1. Going through Ala146, Ala125 one at a time, which residue ends up being in contact (Cβ under 8 Å) with a residue 24 or more places away in the chain, among the hydrophobic types (A, V, I, L, M, F, W, C), over 23 Å from Ser245 (Cα atoms) and in contact with a Gly (Cβ under 7 Å, 6 or more places away or on another chain)?
2. Kindly indicate whether any position in segment 660-671 is among the charged types (D, E, K, R) and closer than 30 Å to Thr44 by Cβ.
3. Please go through segment 405-433 and pick out each residue that is assigned to a loop (DSSP other than H, G, I, E, B), of a type in the set (Phe, Trp, Tyr) and either within 16 Å of the ligand (Cβ to nearest atom) or modelled with pLDDT of 85 or more (or both).
4. Can you tell which of Leu305, Leu262, Leu314, Leu300 is under 19 Å from the mean Cα position of the chain (by Cα), at pLDDT below 95 and either under 18 Å from Ile340 (Cβ atoms) or surrounded by fewer than 17 Cβ atoms within 10 Å (Cβ to Cβ) (or both)?
5. Which numbered condition in (1) closer than 30 Å to Pro664 by Cα; (2) assigned to a helix (DSSP H, G or I); (3) not polar (S, T, N, Q) is the only one that Glu474 fails?
6. Within segment 103-129, how many residues are farther than 20 Å from Ile577 by Cβ, under 26 Å from the mean Cα position of the chain (by Cα) and aliphatic (A, V, I, L, M)?
7. Does segment 242-275 hold any residues that are of a type in the set (Val, Ile, Thr) and either within 14 Å of the ligand (Cβ to nearest atom) or assigned to a helix (DSSP H, G or I) (or both), and which are they?
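The values are calculated or read from the model by the stated rules, or taken from the named source; none is laboratory data. Every value quoted in this text rests on a predicted model; they were computed, and no experiment measured them. Because the Cβ atoms are built from the backbone with ideal geometry, glycine has one as well, and the counts that use them run over all protein chains shown.
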Amino acid sequence: MTGKSHMDGTTLLKKKAVGRIVSSINAELVTRRSFRPPKCRAFTHPFAALEEDHRYRFHIHEEAKKRLSRIIDNRVQRIVGIEDADASFREKYCRKRNIGIVFSGGPAPGGHNVIAGIFDAAMGANPENRVYGFLLGPDGVIENEAVELTADVVDAHRNLGGFTMIKTGRTKIDTKEKVSLSRKTCKDLALDALVIVGGDDSNTNAAFLAQEMMEDGVQVIGVPKTIDGDIQVRDEDGNVLCAMSFGFHTAARAFAAEVSNLCTDSSSDVKYWHVCKVMGRVASHLALEVALQTHANMTLIGEDLADYIDKERLIRSDYKDDNAYGITLRHLSRVICDGIIRRAAVGKNYGVLVIPEGILEFINEIQIFIIKLNTIIADYNRTHDTDFHSSFPILEEKLEYLRGLARRSREEGTFSVWNSRDDDLFADVPEFFQEGLLIERDSHGNFQFSQVETEKVIIGLVKDYLKILREKGEYKVGIERRYYRKTLQAAGLDPDRFGPVLFRNYDAGNFLLVEKEIFSQKTLRQVFEREKLLSEKEDVPKAIRKIFDKSVPKFKTQLHFYGYDGRGTDPTRFDCIYTYNLGLTVFTLIANGATGQMAAIKNLEQKFSKWEPIGIPIAPLMNMEERGGKLSLVLEKSLVDLQSPAFQVVKALRENWLGAVEDPDDYRRPGPIRFSGKSEEDRPMTLALNAISG
Ligand code: FBP
């Protein structure tokens, strides 16, 4: 310490320099707030109009025709800029409007810029326009909790992550009562339009509200949000209208930066397998992008695993066993173990494994449990005054309820969703996992994958199987030949005398694998005695014991979950620009009288000058899917397309990234998200690859 007198914190805080250093207004924040995203060409004109685009066709579900009759004939709308509008267009476009915005579901980076885009366009058209933000998600609409958004509030949030400006929530406006309260709110605020920024379920909600609110003169527009990247829209002919929901790029980049750091740590400390679960409720888009960004050693893709065929089982059953199709937890653990063993054989008893959060959805037996339990819980909630989780707060009570269902079906000989076989299989599941599978469903009746420690379940099975493989002598750490020779020579021993007995591949390869039958110090001794390398009285030389010890693998893991952190990350430039233009698109759709449309930007996979703002009709995209145990009309989730170039590239490079070779691992360093500078990819790698055609 210097001879300077000490100052207490209060005195220090009075100093300007201290204030400057600890201020929450730092350079990054100032840069972000002052950035004005470029506008798509259509928005560089004083006005923008809609043109129906008849090139796109959709296969329309009968149920959608029936239930969304008022918006089912909507077409894709192209947005075109206009320089000189006639008086009647101007009047329509610029008339005073009140617009309400609500965020729905999990946060996604870029949401604030959707608001900024709407706000700027609305104020540009008519400074008398009013923009309201509903607080805490759809509850704000139902309960009329709204704030008027001013320029100050909007400016303070430009290009910043999260949904902090107005917050979000997962309530669904799905009952007559909630719909009628929402209509009342819109009337009370004299809203002309309601904008719902959300995922597949929320855009479904937007379509139903558009249908209901048409007679009130309230337009409803959806915006494709979700880090999961599973809102992707194609028409019947495969034309891509919306390649990716917003927030995906940022979350994937945030996860990739972390996973990449772990690749570095793992190959420095060489003792851990880092197991990284990454968000994505069902689809594995985020995991796929992380794989491309980082080249982690193993990345599981749920959609790919669902296609798994157990060839041995199939052959054994003479191609009759249907259970050979699709993956079970046990198969999965074997696939992972295979990679671990192969790396260990070349001295790499460490690595990075990426597991998508939604993987359970693609595992046969678990998917069946999830669907059955969804149905049971939803049925219970429908037919009782209280809900399933309040009635049976502890695991044992829930299990007893299930046992009761199985018992009844057995005794009465009636069909039940839950039978004795289910009960037996479920009893084999570890308790914490049973608890996970029985957790409360979200307000849409969906299983909450993020709440289940999937990675723990999978790694538990991997550990068990590795133990067996270790005992069989199949899981060994390869010993570098150079090191072996050096160690033995330093101890005055002839490496070539012991090598052929100790190792199974002494005549070839740089990494030596200890014989399978040598799996303990005791078996080591026995084999050396048998091969006359030792007499009964002699000890196994220390140098040999040292080599043997190094060949015995310890499987040490660190588990990580990347999800919420990525959702809260400040958006990448791509997401900033994408979302701002989505906001401009929303206002254009509103100003031109559209409803039941989802704002989108076409050609996202191309350079910015090719981006085209459009409106996509939501109703024709709807299909029947299981929700809360019954079939409902919803917007379909897009899963990873196994034929897509992005997946095919990952598949082709998988072996390379596993790195079960002597060469160093081929990791890629995406680095942290940088708001400026050239190091940032300007769009998700998945999109860039998928834009490459044959
Ligand atoms: P949205 O579909 O609402 O955008 O949410 C996506 C997500 O981040 C999933 O990846 C994840 O499974 C889920 O939210 C977690 O939800 P919660 O915030 O309720 O824990």
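1. Values: Ala125 fails: in contact with a Gly (Cβ under 7 Å, 6 or more places away or on another chain).
Being in contact (Cβ under 8 Å) with a residue 24 or more places away in the chain, among the hydrophobic types (A, V, I, L, M, F, W, C), over 23 Å from Ser245 (Cα atoms) and in contact with a Gly (Cβ under 7 Å, 6 or more places away or on another chain) holds for just one of Ala146, Ala125, which is Ala146.
2. At the first step, the residues of segment 660-671 found to be among the charged types (D, E, K, R) are 662-663, 665-666, 668-669.
Imposing the further condition that a residue be closer than 30 Å to Thr44 by Cβ reduces the set to none.
Looking through segment 660-671, none of the residues is among the charged types (D, E, K, R) and closer than 30 Å to Thr44 by Cβ.
3. Kept after step one, since they are assigned to a loop (DSSP other than H, G, I, E, B), are these residues of segment 405-433: 413-419, 428-430.
After this cut, where a residue has to be of a type in the set (Phe, Trp, Tyr) as well, the list is 415, 418.
Passing the criteria: only Trp418.
4. Details: Leu262 fails: at pLDDT below 95; Leu314 fails: under 19 Å from the mean Cα position of the chain (by Cα); Leu300 fails: at pLDDT below 95.
Of the residues listed, the single one that is under 19 Å from the mean Cα position of the chain (by Cα), at pLDDT below 95 and either under 18 Å from Ile340 (Cβ atoms) or surrounded by fewer than 17 Cβ atoms within 10 Å (Cβ to Cβ) (or both) is Leu305.
5. Of everything listed in (1) closer than 30 Å to Pro664 by Cα; (2) assigned to a helix (DSSP H, G or I); (3) not polar (S, T, N, Q), Glu474 misses just condition (2).
6. 0
7. Here is the first cut: in segment 242-275, the residues of a type in the set (Val, Ile, Thr) are 250, 259, 264, 270, 275.
Across segment 242-275, the qualifying residues are Thr250, Val259, Thr264.
Matching residues to (1) touching a helix residue (DSSP H, G or I) at 6+ places or on another chain (Cβ under 7 Å); (2) more than 30 Å from Lys556 (Cβ to Cβ); (3) within 16 Å of the ligand (Cβ to nearest atom); (4) part of a loop (DSSP other than H, G, I, E, B):
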position: Asn203; (1), (2), (3), (4): no, yes, yes, no
position: Phe208; (1), (2), (3), (4): no, yes, no, no
position: Glu212; (1), (2), (3), (4): yes, yes, no, no
position: Lys277; (1), (2), (3), (4): yes, no, yes, no
position: Ala283; (1), (2), (3), (4): yes, yes, yes, yes
position: Leu288; (1), (2), (3), (4): yes, no, yes, no
position: Ala296; (1), (2), (3), (4): yes, no, no, yes
